[in-house]
Amino acid sequence: MYTLIYGFINSIILALYAVGFSLTYGISGIANFAHGAFYILTGFVAWNLLNHAGLPYCVSAILAIIITAAFGFIYYWILILRIRGIALAELIVTFASGVAILEFLMWKGFYGIRYSLPLFLKGGVEFFGVGIDYQRLFVILTGILFVIALYLFVHHTKIGLAFRAMAQNERTALSVGIEYDWIGSLSLALGSALAAISAIVILPLGMMESTIGIEVLIYALAVSIIGGLESTFGMIAGSFIIGFGQVLAARYIGPKWMIIVPLSAIILVLAIRPSGIFGKTKELEERV
Amino acid sequence: MKREIKKTRKKRLDRGIKARSDTIYVIASLRDIFYLIMPRFLPVLILILIPLFLGSYHKKVLIHACIYGLLALSWDFLASCGLFSLGQALFFGFGAYVSGTLNHYFHIPPSFTIPIATLGGGALCALLLAPVVRLRGVYFAMITLILPILLIKMIDTTGIFGGTHGISSLSAFPHEYIDTYLAIVSFLFILFLFRRVLNSDYGLVLMAIKDDDRAVMSGGINIYWRKIQAIFIAGSLGCFAGALITHHYQFLGISTFALDYSILPIAAVALGGQGTFAGAALGSMILVPLSESLRALGGLRIAIYCLILILSIISLPEGIFHFLSRKYHQFETIEEV
Amino acid sequence: MPKEHTDIILQVEKLGKSFGGVVAVEEVSFELKKGEFMGIIGPNGSGKTTLVNLITGFVRPDSGKVIFKERDITGYRPYRIVQLGISRTFQMVRLFYNLPAYKNLIIPLCSSRVKRFVGGHFGERDDIAIDILDDFGFERDSFVPYKMAGTLPHGYLKRLDLAKAMALRPEVLILDELFSGMSMSEVASTLPLIEKFHEEGLSIIMIEHRLKELFSVVDKVLVLNFGRKIAEGSPDEVSKMKEVREAYVGIDVEIEI
């Protein structure tokens, strides 16, 4: 039972890690490898606002989210704009900037026990004999809300459809009057905002340190790649596969094996079926 | 009354020796021969003589520069073929582990572990990456990025081959100068070798694959096999570097798969200019001593490499080497329009 | 002049391919005999290039078979099909514009097929390339073969593409709109070259829009429309068929060839 519940919670957490990355890619075709860095940056900003500026928790959290979203927006205009469309350059530049941000944070000493965000609410409930704290309930709630919102947005709203059209064929979309760069920057802002919200909700569960940045990126990648980049259902399925895989690995083999699950998943899927289990674009696979 | 604005522009003239064409040099005198040989001969001379004057700390820096240089050359080779690797550390670590484990568990001396690690490691890496060769470039980059991370975690978790702590007291080289000169000589040798290879027909095919692989396929060439060959060559080089450093430090550890070994070579090539190999060499010769002098900054160095990398990609300069060679081969005058 | 046509060298059976919802090629079948010269015509979008891509391995068919010299080559990779003996040119010329013209030929000369016939090591291939180009109108003694491919006029590029295809010593040559964009004089100088290859025994498939030139050289014609084969026969027969006229012009009108 414990495995079931914590597997479920873990899967939701993974989905939260991935949703921002997936949304950015889904809207504008940009794979933002600095996603993990944005995630942890939010925590860093929130912590500083809370402890150095003395702002109340609520305000710090919301401000941190806004700042990260704005940062994502500017990030597009400064960096990504110049290399937009060249998939390889996007990967290298976003990854390198992510690493730069993380190394910078580490250099400033951003690790260790004193860096943690407080829980929203202390205490918890019992569910079928297993204790779940309120924070984790928040996480589940946020996760479910996000996924539903993501699905509705991308598949059913006019804007969402416009975005997807753009991701598929920029020329045609441009000729129909869709502003390319604005959408690109908005997609990055949205993706970072989602990462920020996930960070605010999840980070109180443990300590903060910059290595989390790389982990979040790995999870986001694993979930997106396994599930297939084009489908929301795939993303959910991916997070559950890895989420439960991790919990089972931790239980039956050893806790250190948890990180190995998503890493090997990425390698296996890329080697065998790169468009993902539920992916629709088969042309992603072969060049010829 | 309007003032006349003088407009000027730079005019570039090839120096006499390059007057005919890009590839054919008209050698007219001893001075011309000197002009051609010097840029090649001088760095070689310097590199070969300098270890005799350096203290042991600086010798280590030099060895590191050559090691990273080998990784950069390896990266440049793959890039010339259209394969962009984000994981030179994969080859590096492979070579390290093959030679380290052979030495520790089977007591095979370095003179054998290094060649075995080079060729065997290269073959293993080519085998490992073979399934991805048919995919688009982005997937190759992602897999090379993730594989070293996976290997680090696996070794850390299972504790095999020394686990997190690594294996120490491996065999050293018989004499102190051997590893220094091995690094330098191999570095120079590979530099000149790769330049020749890329000018040959074999290299032409590889570069054509980068340019338009369907056109090469319609010319009846198995591009997948060629790419695997390229991975073998570049991979062997990386493995060689890894094996070398392992016996130099007499220590084997998971740090050989670290991100550092993946990022700095790319930054070096980006700085020096991709495609010429000399650029890769130049870039590493600049970056490694620079990073040593910045040692106080610790982890910030990686952030700096990343920034250099980003700047190089975004503002897309031709790289330092192109800039220098242009200056060397051409006169620049300012003339009025 | 019709030659003795003996066995069938290329056989296409019910090839089909759809891209998403669009049917590009549907149930196309034909036979090409050894030494035969076949033309493929049809309005734009009728699936001609897709058909060629299917035969030469650049696109995997959804259904049907391609049989070359009694060997099922359906789904083989393009380089393998080339190595077996089918060579093609591209509608959008695919050359290496940053290389000199003759260096473009080095690539096919490095393939295993040519090595078997011609041999050649590093250094020799340059001369072989110049030789081959000489036959295609790139005068050996001029500077033309040494010019960057990107600086050559369109007609030369098309002939370079042809030279690349022929350097592979194919048994079947497929030309995809070779004459498009060529001037009358360029066509007039290239057509005899192709006729010469035909006389020497090469089996050729030629997609063209310039019907007059095409009909003057081919043995038979295949007509495609909307991905289906709507007619097959000698040039005379085909030009008189009602379906063909309708496909091209829209209504039943006499086509002057």
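Rule-based calculations on the coordinates, nothing more; no lab input. These numbers come from a predicted model, not from an experiment. Here the Cβ positions follow ideal geometry from the backbone for every residue, glycine too, while neighbour counts run over all protein chains shown.
Can you give me the span-like helices of chain B, meaning DSSP H runs with 24 Å or more of Cα extent along the axis and Kyte-Doolittle mean at or above 0.5? Display every interim value, and only then the final one.
On the way: long enough: B:30-49 (25 Å, 1.77); B:56-80 (35 Å, 0.76); B:88-106 (27 Å, 0.58); B:110-129 (27 Å, 1.60); B:137-158 (32 Å, 1.70); B:176-199 (36 Å, 1.26); B:223-249 (39 Å, 0.77).
Helix filter hits for chain B: B:30-49, B:56-80, B:88-106, B:110-129, B:137-158, B:176-199, B:223-249.
Based on the alpha-carbon gyration tensor of the protein assembly as shown, what equivalent-ellipsoid semi-axes (square roots of 5 times the eigenvalues) come out, in whole Å, largest first?
On the way: eigenvalues 525, 299, 150 Å².
Equivalent-ellipsoid dimensions as semi-axes: 51, 39, 27 Å.
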Residue order, fewest to most beta carbons within 10 Å, for A:Tyr39, B:Tyr97: B:Tyr97, A:Tyr39
Over chain C: Kirkwood hydrodynamic radius from C-alpha pairwise inverse distances, Å: 19.0 Å
Chain B, Cα convex hull volume normalised per residue, Å³: 200 Å³
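How many Å³ per residue does the convex hull of the Cα positions in region C:1-143 occupy?
Details: hull volume 23.9 nm³, N = 143.
Spelled out: Cα convex hull of region C:1-143, divided by residues, is 167 Å³.
Using Stokes-Einstein with the Kirkwood hydrodynamic radius over Cα pairs, what translational diffusion coefficient do you get for region A:1-110 at 20 °C and a viscosity of 1.002 mPa s, in µm²/s rounded to a whole number?
138 µm²/s
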Contact order normalised by residue count of chain B, Cα under 8 Å, 6+ apart, percent: 33 percent
Cut-off of 10 Å, at most 14 other beta carbons, DSSP loop: longest stretch of chain C lacking such trypsin sites (Lys or Arg not before Pro): C:4-139
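Once the other residues with Cβ under 15 Å from the Cβ of A:Phe95 are scored (Lys, Arg +1; Asp, Glu -1), what is the net sum? Walk me through the intermediate numbers first.
Working: positive: none; negative: A:Glu90, A:Glu103, A:Glu215, B:Asp260.
That works out to -4.
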Sites B:Lys60 and C:Asp127, calculated FRET efficiency, Cβ-Cβ separation with R0 56 Å, nearest 0.05: 0.65
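Could you grab the relative contact order for region A:2-214? Cα pairs under 8 Å, six or more apart, rounded to a whole percent.
For region A:2-214, the relative contact order is 43 percent.
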9 Å beta-carbon shell around C:Leu95, net charge (K/R +1, D/E -1): 0
Relative contact order (%) - region A:1-68, alpha-carbon pairs under 8 angstrom, separation at least six: 21 percent
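Taking R0 as 25 Å, what FRET efficiency do you get between C:Ile8 and C:Lys240 from their Cβ-Cβ distance, rounded to the nearest 0.05? Each step should come with its number before you reach the end.
Numbers: r = 26 Å, r/R0 = 1.06.
FRET efficiency, C:Ile8 to C:Lys240: 0.40.
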Area projected by the alpha carbon convex hull of region C:70-194, averaged over all directions, nm²: 8.2 nm²
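Can you give the helix-only mean residue ellipticity at 222 nm for the protein assembly as shown, where every DSSP H stretch with n ≥ 4 adds -39500 (n - 2.57) and the sum goes over all residues, rounded to the nearest 500 deg cm²/dmol?
-19500 deg cm²/dmol
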Distant-in-sequence amide H partners of C:Phe37 (H built 1.01 Å from N, under 5 Å): C:Ile204, C:Asp219, C:Lys220
Where chymotrypsin sites (Phe, Trp or Tyr not before Pro) fall in DSSP loop in region C:192-247, at most 16 other Cβ within 10 Å: C:Phe226
Cubic angstrom per residue, convex hull over Cα atoms of chain A: 137 Å³
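Strictly over 28 Å apart at the Cα level, which of C:Lys65/C:Lys240; C:Lys14/C:Lys158; C:Lys34/C:Lys242; C:Lys164/C:Lys220; C:Lys14/C:Lys103; B:Lys227/C:Lys14 would you flag in this model?
Working: C:Lys65/C:Lys240 30 Å; C:Lys14/C:Lys158 31 Å; C:Lys34/C:Lys242 30 Å; C:Lys164/C:Lys220 26 Å; C:Lys14/C:Lys103 39 Å; B:Lys227/C:Lys14 35 Å.
The answer is C:Lys65/C:Lys240; C:Lys14/C:Lys158; C:Lys34/C:Lys242; C:Lys14/C:Lys103; B:Lys227/C:Lys14.
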Antiparallel DSSP beta bridges within the protein assembly as shown, as percent of all bridges there, nearest 5: 70 percent
In Å, descending, principal axis extents of the Cα set of region C:178-224: 28, 26, 14
All-pairs alpha carbon distance profile, region C:28-84, 5 Å steps from 0, percent: 4, 17, 27, 26, 20, 6, 1
